[in-house]
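Down below is the structure, laid out as structure tokens.
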Amino acid sequence: MLTPVPPVTPASVVRPFAGAAQDWLPAHRGTDLAARPGQAVVAPLTGRVVFVGTIAGRPVVSIRTPIARFTLEPVSAKDVDGRWVRTGQVIGRVAEGGHCDRLCLHWGAKVNGRYVDPMTFVNRRAPVLKPLQAATTRSEPGARAGPAAPCCGSGSRDSP
Ligand SMILES: [Zn+2]
């Protein structure tokens, strides 16, 4: 099972990933999920904890998994350094420090040396929802009556 789970639940994104074209440019190399100090943090995926420590004053945990190296901060973790952890296993607690201080958990993912948006892994499940949404729309006759309904769609409108 190589589908990661969010390290905190509910997974409410308070600041999305914003990559940069070049590594030295300013960017937000991860996704911030709403979290409070003391909240449980779980391993997004089975892997090995390869780093537990402090980087620039922020307590950081890194887990190497088959699909990415995940970094979580601020997290205070004990007794997991060097250990194998399973998907969903509690590895520590949300701590304080960094740009997420007391508000969120920063979740970073690195694949082949490049930072990617970790939510893309979680959102792989999204396509499963599409038939359900279509069915819901069909069952609402009122929704068909309005020809405009300019809102919200599948984004196909953006296609060239
Ligand atoms: Zn962040």
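Just so it is clear, none of the values below were taken in a lab; they were calculated from the coordinates. Given the structure is predicted, the values throughout are model-derived calculations rather than measurements. Heads up, the Cβs are rebuilt from the backbone with ideal geometry, glycines too, and the neighbour counts pull from every protein chain shown.
Just a few scattered comments:
- If you take the alpha carbon atoms of segment 1-67 and fit the smallest convex hull around them, that volume is 130 Å³ per residue.
- Which of Thr54, Thr87 has the fewest Cβ neighbours within 10 Å, and the rest in rising order: Thr54, Thr87
- Between Ser12 and Arg83, the simple label model (points 7 Å from Cα in the Cβ direction) yields a spacing of 3.0 nm.
- Segment Val50..Arg64, full-extension length gain: 4.4 nm, with 0.36 nm per residue of separation and the alpha-carbon distance subtracted.
- Residue-wise HN-Hα coupling along segment 76-88, computed from phi with Karplus coefficients 6.51, -1.76, 1.60 (Hz; x: Gly, Pro): 9, 10, 10, 6, 10, 4, x, 8, 7, 10, 9, 3, x
- Under 5 Å, built H, 5+ apart or other chain: amide partners of Ile91: Val41, Val42, Ala43
- Normalised convex hull volume, segment 1-132, alpha-carbon set, Å³ per residue: 112 Å³
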